[in-house]
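The values are calculated or read from the model by the stated rules, or taken from the named source; none is laboratory data. Since the model is a prediction, treat every value here as computed from it, not as a measurement. Here the Cβ positions follow ideal geometry from the backbone for every residue, glycine too, while neighbour counts run over all protein chains shown.
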Amino acid sequence: MDFISGEIIAVDKPLGWTSFDAVKRVRGAIQRRLNVKKFKVGHAGTLDPLATGVLIICTGRATRDIERLQNGSKEYIATIKFGATTPSFDLETEIDQTFPYEHITKDLIREILPRFTGCIMQIPPIYSAVKIDGKRAYKYARNGKEVELKAKPLVIEKLELLSASLPEIKLRIVCSKGTYIRALTRDLGEALGSGAHLTALCRTRVGDFSINECLSIDEAVKKISDCELSFPPEFKLP
C-alpha cells in the first residue's frame, strides 16, 4: 500500500464512535507502520456517533479527493419511531414530547413519502455541526440556547418503505450530500400529524462504495499492519 501517494479505505463505522475516532484509529496504525509521528488522514462525510456504516477514509495525497467523494449520492437504512420526539431527533437525547400515532397506517406513509422526494428544502437539526456565527449549532443546543437555522436545498432520489411494525418503520433513503436523516424524520412525523425520532441509522453506500465492501476497524488496522509498503518514486527513505 502506498499511503503517501494515497489510499482510500472504506470502513464500517461502529455504533458509538465518532467519525474522528475511526480516523484516529486508522491514522495511528499508519503512523506505526511508517514509523512517523504525523501523517495526513481524513474522511469523506461525517456520520453521527449513533449511526453506523460506510465511512470513507483517505490517506496522504488521496485527501485531495475528499470533496469529490463527499459529493457522491448516499444511501441509508433508517429506523424511525412515531409517537414521540427528542430534541436531537434521535436517541442522543431523552424524549421530550409524546404524540398520537394510532392513525398512522402503511398506506398513509406511502401517500406522504412522495412529498419528500426530488428537490426539497430542509432545515438542519439544531443538534448538528452547522455553523452559526462561527460556532457549531449543537453547542448552542447543549447550552439551551435557541437559534434559527436556515433551510437548505437538497435532493432525495428515493424513499422506500422497507417494513412497518407501527409505531416503528424502516426506510431506504437515497439522497444528496447535506441531507440530515434526523431532520427528514422530524418532517415525516409532522407531516403524519404526529412526532418521530430516529432509533437506528446505517449508511449503506457512499458513491460507489457499498457497505458490503467495507472493512471493520480491526480489519483495516490489520490490513495496514500486514501490508507490503510501497512509496512514490520521488520519496527517499531517511
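State all residues of the range 175-198 that are of a type in the set (A, V, I, L, M) and under 18 Å from residue 152 (Cβ atoms); if no residue qualifies, say none.
Result: 181, 183, 184, 188.
Just a yes or no: is a residue in the range 104-124 assigned by TED's automatic domain parsing to the domain that holds residue 163 and within 30 Å of residue 8 (Cα to Cα)?
Yes.
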Any idea how many residues of the range 97-123 are modelled with pLDDT under 95 and exposed (fewer than 14 other Cβ atoms within 10 Å of the Cβ)? 0
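Any idea which residue in the range 1-50 is nearest to residue 221 (Cα to Cα), counting only those that are within 12 Å of the chain's Cα centre (by Cα) and of a type in the set (Asp, Glu)?
The extreme case among them is 12.
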All-but-one check, residue 128 against (1) surrounded by 16 or more Cβ atoms within 10 Å (Cβ to Cβ); (2) modelled with pLDDT of 90 or more, failing number (2)
Just need a number here: residues in the range 11-45 that are farther than 11 Å from residue 55 by Cβ and assigned to a loop (DSSP other than H, G, I, E, B). 8
Among the listed residues 49, 87, identify the single one that is outside the structural domain of residue 123 (by TED's automatic domain parsing), touching an Asp or Glu at 6+ places or on another chain (Cβ under 8 Å), surrounded by fewer than 21 Cβ atoms within 10 Å (Cβ to Cβ) and not in a helix (DSSP H, G or I). 49
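Given the criterion at pLDDT 85 or above, among the small types (Gly, Ala, Ser) and assigned by TED's automatic domain parsing to the domain that holds residue 13, identify the matching residue among 200, 220, 151.
After ruling out the rest, the residue left standing is 220.
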Give 54, 41, 26 a once-over and let me know the one that is in contact (Cβ under 8 Å) with a residue 60 or more places away in the chain and under 24 Å from residue 231 (Cβ atoms). 26
It is to be established whether one or more residues within the range 195-213 are under 25 Å from residue 105 (Cβ atoms) and surrounded by fewer than 19 Cβ atoms within 10 Å (Cβ to Cβ). yes
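Here is a list: 178, 193. Which entry is at pLDDT 95 or above and either under 28 Å from residue 121 (Cβ atoms) or out of contact with any strand residue (DSSP E or B) (no Cβ under 8 Å at 6 or more places or on another chain) (or both)?
193
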